[in-house]
Amino acid sequence: MTDRTIFLSDVHLGTRGCRARLLAEFLAKHEAETLYLVGDIVDGWRLKKGWHWPEDHNAVIQAILEKARGGTRVIFIPGNHDEVFRDYIGLHLGGIELKRRDSFVAADGRRYLVTHGDEFDAVVANAKWLAYLGDSAYAALIWLNPKINMVRRLWSHRYWSLSKWSKQQVKQAVNYICKFEEVLALDARQKGFDGVICGHIHHASIREIGGIRYINTGDWVESCTAVIENAAGEMRLVDWEARKNRQFLLERRARKRARIAAQAAGVERTAQLEQEAQ
């Protein structure tokens, strides 16, 4: 089944925290008429400090290009981490349209402002050196994520994000997220839009703020989320990691039930043989 639109952001290809393999799986299983890449697809900040580009990162780029070649309209709105592509706004690269922001009309008639969102971030806009400092601390937490989860897998625990947990524990971070959402909703209202679709803060959400539909696609570092619009214009948030975790748990339970059934059948067969021997 082909959806009408898929929105992705904050993939951060080029970083060790990028969940590229899961994104490649997601792209292989989902088709859409239009694919929006809402910024920070490639992390130029980290790549400047050290090259990291494994095969699964390349697989994501190839999957996107294949969709463009296959007839999917692909629109790329660069973010602050891949701001180098803002020099090419208005061009088509490999079948991908580059835009600074976009006006998107959903199937239900709602008009959305589509923007990465970093221009509404006072830290990035007015104190870039502080943003780089915060990026380094964040990268350290991301670096710890796979090491923690390597240990957790020994007990079959699902993936857990230290960076995501840290943000949720800090009151200032929670307040920042709320303020960011309110500012974007206000800007969309002032521009005459019915809603806004963004990324940037790695906090997936679909909610109403003062009559404006606020949609944040989340990321593919901490949560592996995307927003999908169906033919009726309904927007849904897809948590691909959570879906994979549920699938893993269901398969594990199925294996456990099969093992118990096999053991029970073995016990019953043994009892039957003993009875026949008597």
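The values are calculated or read from the model by the stated rules, or taken from the named source; none is laboratory data. Computed from a prediction, not measured in an experiment: that's the story for all the values here. All Cβ positions, glycine included, derive from the backbone under ideal geometry; neighbour counts span all protein chains shown.
Please note which strands (runs of 3 or more DSSP E) are completely contained in the range 45-159 and include at least 1 residues that are in contact with a His (Cβ under 8 Å, 6 or more places away or on another chain) and either modelled with pLDDT of 95 or more or over 20 Å from Glu222 (Cα atoms) (or both).
Counting at least 1 such residues, we get 96-98.
Consider Glu182 carefully, then state whether it is at pLDDT 95 or above, out of contact with any Lys or Arg (no Cβ under 9 Å at 6 or more places or on another chain), acidic (Asp, Glu) and surrounded by fewer than 20 Cβ atoms within 10 Å (Cβ to Cβ).
No.
Name every residue in the range 201-237 that is surrounded by fewer than 17 Cβ atoms within 10 Å (Cβ to Cβ), charged (D, E, K, R) and either under 18 Å from the mean Cα position of the chain (by Cα) or under 17 Å from Asp118 (Cβ atoms) (or both), in order of residue number.
Arg207, Arg236 - these are the residues of the range 201-237 that are surrounded by fewer than 17 Cβ atoms within 10 Å (Cβ to Cβ), charged (D, E, K, R) and either under 18 Å from the mean Cα position of the chain (by Cα) or under 17 Å from Asp118 (Cβ atoms) (or both).
Pairs needed: first member in the range 186-209, without any contact (Cβ under 8 Å) to a residue 40 or more places away in the chain and outside any loop (DSSP other than H, G, I, E, B); second member anywhere, surrounded by fewer than 19 Cβ atoms within 10 Å (Cβ to Cβ) and of a type outside the set (Lys, Arg); C-beta distance under 7 Å; at least 6 residues apart or different chains.
Arg189/Gly210; Ile206/Leu237; Ile209/Glu182
Might you let me know whether the range 7-28 holds any residue that is of a type in the set (Asp, Glu), crowded, with 18+ Cβ neighbours inside 10 Å and modelled with pLDDT of 95 or more?
Yes, the range 7-28 contains at least one residue that is of a type in the set (Asp, Glu), crowded, with 18+ Cβ neighbours inside 10 Å and modelled with pLDDT of 95 or more.
Quick one: how many residues across the range 65-96 are closer than 27 Å to Phe180 by Cα and crowded, with 17+ Cβ neighbours inside 10 Å?
Number of matching residues: 10.
Might you let me know whether the range 75-92 holds any residue that is over 22 Å from the mean Cα position of the chain (by Cα) and either over 27 Å from Asp121 (Cβ atoms) or in contact (Cβ under 8 Å) with a residue 24 or more places away in the chain (or both)?
For the range 75-92, residues over 22 Å from the mean Cα position of the chain (by Cα) and either over 27 Å from Asp121 (Cβ atoms) or in contact (Cβ under 8 Å) with a residue 24 or more places away in the chain (or both): present.
Is one or more of the residues making up the range 212-232 in a helix (DSSP H, G or I) and at pLDDT below 95?
no
Determine whether the range 239-250 contains at least one residue that is outside any helix (DSSP H, G or I) and either modelled with pLDDT of 60 or more or within 18 Å of Ala107 (Cα to Cα) (or both).
Checked against the condition, which is being outside any helix (DSSP H, G or I) and either modelled with pLDDT of 60 or more or within 18 Å of Ala107 (Cα to Cα) (or both), the range 239-250 yields at least one hit.
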